[in-house]
Structures are given as structure tokens and as C-alpha cells.
Amino acid sequence: MIGTNAVIENNNMRTQLIAELENYHTDNAIEQLCIPKFLELLNEPRCFYRDCFPAHITGSALLLSADGDKVLMNHHKSLNMWMQFGGHADGDEDILAVAIRETMEESGIIAFKPITPNIVDLDIHEIPANVKKNEPTHFHYDIRYLMRMTGEQQAIISDESNALQWMTFEEARTKGDDSLVRYITKAQSIL
């Protein structure tokens, strides 16, 4: 029965995610184009697993300071770029939980909570082939959330990062591509 309950729970999470994406509204043309692609990928049974190629679902989050003035940016080791926290679902269909888990793993911080349980941004981006991991070039269909510190805690650089740095919104926007700039701008407008 435990196995059956897990299947039912996963189906409910997938159904809930589909409903959230169907009801997701954005004025951004790029994001609007992403929505049907996400919905199509969600028909793939293994879309929440990293071995689902050429694309799989990922979850990420921007982590804001308690006062909402700064964002903790992650200089990702293998991608060699500044970005938000996030990563693979590894079969977990609760993508908000994935974003929380990845933020904890990559920042070492646990003193935070979602500002909203709602999706803040969507992005589809290409990930280069990785010979060491035996992964071909593929796409991350990234569902993005927004977190805020709830107390003081020191960040700890993980094995996946070169550096972590608190930045103003303006500083963070200079570090990223168009999708990260859009995401940071949305985060600031939600506050």
C-alpha cells in the first residue's frame, strides 16, 4: 500500500503542477511561449528525472535577505556563472520542495521560507554536454520560486559552487542573462 500511496501522491502533485502552469499568467512573451512546452513535457512519465533527455523539469529559487534588500547569488562551478539556487527534481514532483531542498543544499542555509508558494518565473535553458556525467546537451525546464531569510545564518559554499555573495538587486542583475534579469526584477516587484 505504501507504494500505491506514493504513486497517488505523485499523480496529485503532477496534476497540481499542471493546473498551476495552466493558470500561470505573465506579460513576458518568452515565458508565454514556455507554458505549452512545460505542459507537453509533463506528459513524459520521467520528466522529473535527470535521465529524461532531451529535457527535464528542475526547480530553483532566489534567496532574499530578511529585509528584502539583497539576493544571495551562487557562482555555479560547472556552469561557471552567477545564478540562483536550484537543480534536479530527482523524481520529486513537488517542485517547490525541490527549490527549497536545492537552496538548502547549495547555500547551507535553512533559516528561510517561501515568500509565496506560487510560481514566480519560468525558464527553459540549455545545459551543455557533460562528458564526466555522461550527459548530452539538454534543456532544463526551470520552475522558479522566491524565498526570504527568516533569521541570521551564515551561508556555506557547497561542492557545486565557486562562491556565494549577497548582492543588491542592481548588482545581481549585472551578473546574469536576460532570464535572470527578468527573474530578479520580478522578485523585487513582489516585495
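The values are calculated or read from the model by the stated rules, or taken from the named source; none is laboratory data. Not measured: the values here are computed from a predicted model. As a convention, Cβ positions derive from the backbone with ideal geometry for all residues, glycine included, and neighbour counts pool all protein chains shown.
What the table shows:
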{"item": "First in region 123-143 and of a type in the set (Phe, Trp, Tyr), second anywhere and at pLDDT 95 or above and assigned to a loop (DSSP other than H, G, I, E, B), Cβ under 7 Å, 6 or more apart", "result": "Phe139/Pro54"}
{"item": "Extreme residue, nearest to Leu180 (Cα to Cα), among residues of region 30-64 that are surrounded by fewer than 14 Cβ atoms within 10 Å (Cβ to Cβ) and polar (S, T, N, Q)", "result": "Gln32"}
{"item": "Candidate set from region 104-136 (those that are of a type outside the set (D, E, K, R), part of a strand (DSSP E or B) and in contact with a strand residue (DSSP E or B) (Cβ under 7 Å, 6 or more places away or on another chain)); member that is surrounded by the fewest Cβ atoms within 10 Å (Cβ to Cβ)", "result": "His125"}
{"item": "In region 130-152, the residues that are farther than 16 Å from His76 by Cβ and touching a Ser or Thr at 6+ places or on another chain (Cβ under 9 Å)", "result": "Tyr141, Ile143, Tyr145, Leu146, Met147, Arg148, Met149"}
{"item": "Conditions (1) of a type in the set (D, E, K, R); (2) surrounded by fewer than 18 Cβ atoms within 10 Å (Cβ to Cβ); (3) part of a helix (DSSP H, G or I); (4) at pLDDT 95 or above: number failed by Arg101", "result": "(2)"}
{"item": "Positions within region 154-180 being in contact with an Asp or Glu (Cβ under 6 Å, 6 or more places away or on another chain) and part of a helix (DSSP H, G or I), in sequence order", "result": "Ser179"}
{"item": "Residue match in region 137-150 (condition: assigned to a strand (DSSP E or B), acidic (Asp, Glu) and surrounded by 15 or more Cβ atoms within 10 Å (Cβ to Cβ))", "result": "yes"}
{"item": "Of residues in region 80-92 being of a type outside the set (A, V, I, L, M) and touching a Leu at 6+ places or on another chain (Cβ under 7 Å), the one surrounded by the most Cβ atoms within 10 Å (Cβ to Cβ)", "result": "Gln84"}
{"item": "Complete set of residues in region 154-166 that are touching a Ser or Thr at 6+ places or on another chain (Cβ under 9 Å) and either under 26 Å from Leu191 (Cβ atoms) or free of Cβ contacts under 8 Å to residues at least 12 places away in the same chain (or both)", "result": "Ala155, Ile156, Ser161, Leu164, Trp166"}
{"item": "Strands (runs of 3 or more DSSP E) completely within region 27-87 that count 3 or more residues being within 17 Å of Arg144 (Cα to Cα)", "result": "55-64, 70-76"}
{"item": "Residue in region 168-190 that is over 14 Å from the mean Cα position of the chain (by Cα), in contact (Cβ under 8 Å) with a residue 40 or more places away in the chain, under 29 Å from Met13 (Cβ atoms) and surrounded by fewer than 16 Cβ atoms within 10 Å (Cβ to Cβ) present", "result": "yes"}
